Amino acid sequence: MTSATSVKLDDDMKGRVQHLATARKRTSHWIMREAIAQYVEREEKREAFRSETLNAWAEFQETGLHATAEEVDRWLASWGTDDELPAPECHR
């Protein structure tokens, strides 16, 4: 289900959207819907990442479990080699 909504754009932005729509052989409506869809998807991912980060920080504060930067660097450097290492174990 879709419903109509309105967006107020200044003349410059409206012209830019119209110019892009013409260049892409699309309607201004399509350009604006695509822009909104991409923005919302990007921001949802950013919010999920922020939430995961806060949860990981809370877990670390509770448990103290971690891997050092050196351990992670050594593991990452081994990726794609014949001697690929397993992920480092978390410790206190």
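Assorted remarks:
- Evaluation of Ser3 against (1) of a type outside the set (Phe, Trp, Tyr); (2) loosely packed, with under 11 Cβ neighbours inside 10 Å; (3) part of a helix (DSSP H, G or I) (one fails), failing number: (3)
- Flag for Val40 being over 30 Å from Val17 (Cα atoms), among the β-branched types (Val, Ile, Thr) and part of a helix (DSSP H, G or I): no
This table checks each residue for (1) assigned to a helix (DSSP H, G or I); (2) closer than 30 Å to Gly15 by Cβ.
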{"residue": "Arg26", "(1), (2)": "no, yes"}
{"residue": "Met32", "(1), (2)": "yes, yes"}
{"residue": "Ala48", "(1), (2)": "yes, no"}
{"residue": "Ser51", "(1), (2)": "yes, no"}
{"residue": "Thr81", "(1), (2)": "no, no"}
{"residue": "Pro86", "(1), (2)": "no, no"}
{"residue": "Glu89", "(1), (2)": "no, no"}
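- Matching option when the condition is surrounded by 10 or more Cβ atoms within 10 Å (Cβ to Cβ), under 30 Å from Thr2 (Cα atoms) and β-branched (Val, Ile, Thr), among Thr63, Thr27: Thr27
- Odd one out for Arg74, checked against (1) assigned to a helix (DSSP H, G or I); (2) within 26 Å of the chain's Cα centre (by Cα): (2)
No value in this document is a laboratory result; all are computed from the given coordinates. Note that this is a predicted model, so its numbers are computed, not measured. All Cβ positions, even for glycine, are placed from backbone atoms using ideal geometry, and neighbour counts span all protein chains on display.
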